[in-house]
1. Show which aspartates and glutamates lie in cross-link reach of residue 58 when reach means a straight Cα distance below 20 angstrom and same-chain residues fewer than eight apart are skipped.
2. Treating the beta-carbon of each Lys and Arg as +1 and of each Asp and Glu as -1, no other charges, what is the dipole magnitude of region 330-435 about its Cα centre, to the nearest 20 debye?
3. Check each of the GluC sites (Glu not before Pro) in region 340-426 and keep only those in coil by DSSP with at most 11 other C-beta atoms within 10 angstrom; list them in order.
4. If you keep only loop residues by DSSP, which chymotrypsin sites (Phe, Trp or Tyr not before Pro) in region 102-144 have at most 13 other Cβ atoms within 10 Å of their Cβ?
5. Looking at the P(r) of region 244-298, how many percent of alpha-carbon pairs lie beyond 17 Å?
6. Taking 7 Å along the Cα-to-C-beta vector as the label spot, tell me the residue 339-residue 351 distance in nanometres, rounded to one decimal.
7. Normalised by the empirical 2.2 N^0.38 Å for globular proteins, what value does the Cα Rg of region 19-164 take?
8. Assuming R0 = 22 Å, can you tell me the calculated FRET efficiency for the pair residue 228 and residue 186, based on Cβ-Cβ distance, to the nearest 0.05?
Amino acid sequence: MKSFCKKSICIFLFFTIFSIHAQETKKRIAVLPFSHDKNISKEESGFITEKIRTSLIKTGLYEVISNDQIENMMKIKGAKQSVGAGSCTSEECIIDLGNALECEKMLTGNILKAFGLFTINGKVLDVVSQHYEKAEEVTISKKEEFPLAAENLVAKISGKKIKEPDKLINRRVLILDFVNTQNREEFGYLAVSIPDAFLEPIQATKSFDLLNRNIWQKHVKKNDYKPEEAYDEDIAIKVGAKAEADVVVIGSFSLIGSQMQMVSKAIQISSQRVMVTKTKLTGVDSNMFTAISQLADEMSTEMKKTLPPLPQKVLVQERVKYIDTGKKTYSGMLVRTLIIPGLGHVFADQWRGWIYMPLWVGSIGAFAFGVMDFATKEEVYNNASNNLEKTYAEMNDAFLLRNFSFLAVVGVYAISIADILFFGKSYEQLAFHKQNTSASFYASIKPNINTTQNKINNKNLNNQGDLYVSLKYEKRF
C-alpha cells in the first residue's frame, strides 16, 4: 500500500513539474504598435497590431503581453501618456521597455504602401542578447487582406504553418445600354453615353473587372433582344449569365417636365437580386453632364461597399448558384424523352441517351418487321395444305419476335422516362456545372485575362466619342 502511494505521489509530482515546465517554456513577448505611412489609418494599424497579438496567442508558443500592460508601463516610465505607433522605435527604448515588462522578446514593425501593394514588416528583438533574431514580411494587394496577412506574418515568425490567405477575386461587371423609356430621339445618345460614363469610376474602385460593353450591342444586332429590353431585369440576368458576369448594371432615363430622371441598378447574378439602386434628377442643360458623372461615382462607391471582392472559392461557388442552362431544364428533358426515349438525356449531355435511343429505334424496327413477318407467315399457314408443322413454327417465331420487340419498345420507353423522372434534376444540375466549369477555370487564369481585359477597357475608355470626353471635362472642372 505504501509502495503504491509513493508511486502515485511520484507520478503526480512528475506531471506537475512537467506542466509547470511547459508553461515556463512559453516565452513572454510584447507587440508594440506598428508604425504606418499616410496610406494607412491609425485605426487600421491598431487593428493589425491587435490581430497579430491574437494570432500569437493562438500559436500557444508565447505569453503575450496585453496592450494595457504596455500602456501602463509606458506611463510609468514617462515615455508618453499613451502608447501609439512610433512612440518607442529606437532599439534602446524597445530593450528598456522589454526589461521593464520582463519580456524575452519584443515584436515591432511597420505597414507601408508602395507600387500599389501593402507590406507588413515584422521584427523580433531578443531582449537578453539585444539583437534582432528574426525579420519577416507579407505583401498584399488590398486592405481587405490585412487580417489574413497578419496571421500569415505570425506564422512566418513563429514557424507554425497556417493556411495561406485566400486571394480575393474581383467580381466581373457587365454594363448594358441605358433605356430611353420615352423614345425621345433628341436624347437617344444618352443610351450609350451614360453607361460609358460608368466605366472609369467602376474601374477606379479596383474591386471589379469590367466586361466589354459590346456584348449587349452584339445581342441587339443579332436580334436576340430589343434595345428597350436592356432595362428588363430577367433579360439582364440572362445576358449577364451568358457573359459569365457576376454583376450586371442596367439603367433608364426619361424626361419629367423640364428635368431628366436617370435610374441605375446593379443586379447580382447569383442571387438575381438588385443590390444597388441610384436615382438622379437634373435639368436638361450643362448640369446634366455633371449629374451623370455624379450618378456613376455614387453607383461605383455603393457597389464597392455592397459587392466587395471575394475569396476565389467563395466567388466560384457564387458563380454556380445561378443556372442559365438555356433550355437544358428538367421539363425540357422530360418533354424530349416523351417524344423520343433518350433524346432528353442527349439534350442534357448524358451518355445514357446514346443507349436508349438506338435501343428504342432498333426495337421499333424489330417490331415493325415482326408485325409484317407475322402477317405474312400467318397467311402462309392459313393457306398451307401440307408442311403444316413447318409453317406453324415459322408463324410462331414471327409471333414471338413481334411480341418481344413490342415489349422492348415499351420497356425502353418506360425505363427512359423513369430515369428522367427520378434523376432528371441531377442531370439538370450536372449540365449547369458543365456549362459553368469556365468560372473556376477563369479564376485560375485570371491574371492573364485581366491584363487583356484591362487593355480592352482602356481602349474603350479612350475611344468613347466626343460626349464622353465632354463628360470627363465637365467632371474635372
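Coordinate-derived values only; no laboratory data. These numbers were taken from a predicted model, which means no experiment stands behind them. Because the Cβ atoms are built from the backbone with ideal geometry, glycine has one as well, and the counts that use them run over all protein chains shown.
1. Filter leaves 24, 50, 68, 104, 136, 137, 145, 151, 164, 166.
2. 440
3. none
4. For chymotrypsin sites (Phe, Trp or Tyr not before Pro) across region 102-144 that sit outside H, G, I, E and B with at most 13 neighbouring Cβ atoms in 10 Å, the list reads 115.
5. Working: 610 of 1485 pairs.
Roughly 41 percent, rounded to a whole number.
6. 2.6
7. For region 19-164, the normalised Cα radius of gyration is 1.01.
8. On the way: r = 17 Å, r/R0 = 0.78.
The calculated FRET efficiency here is 0.80.
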